[in-house]
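Visitor: Can you keep this structure in mind? I'll have questions shortly.
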Amino acid sequence: MSLYSLRMFLLTTMVVLVFAVPGAHAQNKVGFVNTQRLLEETSVGRSAQEDLARLGKEKDRQISLSAQGINDLKKQLSTSGLSKNQSAALQDRLKVLYADHDELVKKSNEDLHFEEARLIQFILKRADKSLRKVAQELGFSMVLTDPNIVGYIDTSVDLTNLIIKEMNGK
């Protein structure tokens with residue numbers, strides 16, 4: 001069973017259990033918080049995104065330097081007067097630079113995706129206290145934070161604005 005399938009099964013099970021209990025409709029409410037908005041609209045989220053942007057710029061700088069090395073070597077190859085041995089050695093070096101460059105791009109993308117996932121987890125941990133407070137005050141027994149498993153959200157159960165206000169108030 002894939003991770004997504006497992007998450008869907010667990011969510012469905014929780015929702016069924018919440019609403020299957022007689023009289024549960026009056027007692028149990030399910031809310032939703034948009035994590036992307038928490039990232040974009042809270043001070044801690046904006047700060048974390050700025051850190052991620054700085055990391056992205058550094059990765060871009062490294063990739064540009066790698067590309068510049070490739071371009072410099074290509075210029076050397078295009079000059080006349082190189083012996084066959086020199087040309088062959090430069091072409092071998094160019095293949096290595098291309099492979100290194102491709103690996104650098106792949107690693108940079110992986111690093112950025114990893115840091116973005118960590119950023120979301122960090123924001124959710126920071127939001128947890130606010131989320132619990134707002135949910136308890138308003139009588140919500142469950143709050144979803146994964147937009148990929150939600151098909152429809154009534155605006156009356158979207159707690160995002162309240163959580164943003166609570167988080168920015170700290």
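Computed from the coordinates by the stated procedures, all read-outs in this text should not be read as laboratory data. All figures in this text were calculated on a predicted structure; none of them were measured in a lab. All Cβ positions, glycine included, derive from the backbone under ideal geometry; neighbour counts span all protein chains shown.
Visitor: Might you report the magnitude of the Cβ-based charge dipole of the range 28-168 about its Cα centre, with Lys and Arg at +1 and Asp and Glu at -1, to the nearest 20 debye? Before the final figure, lay out the partial values.
Guide: On the way: 21 positive and 21 negative charges, 67 e Å.
My answer is approximately 320 debye.
Visitor: Please turn the phi angles of the range 78-94 into ³J(HN,Hα) values with the Karplus equation 6.51 cos²θ - 1.76 cosθ + 1.60 (θ = phi - 60°), one per residue in order, whole Hz, x for glycine and proline.
Guide: 7, 6, 7, x, 7, 6, 4, 5, 5, 4, 5, 5, 5, 5, 4, 5, 5
Visitor: Something else: Hey, what do the phi angles of the range 55-61 turn into as Karplus ³J(HN,Hα) couplings, whole Hz, using 6.51/-1.76/1.60 and θ = phi - 60°, x for Gly and Pro?
Guide: 4, x, 5, 5, 4, 4, 4
Visitor: Right, something else. Which far-off residues, 5 or more places away or on another chain, put their amide H under 5 Å from the one on residue 143, with H placed in the peptide plane?
Guide: Here the answer is 31, since their amide H atoms fall under 5 Å of that of residue 143.
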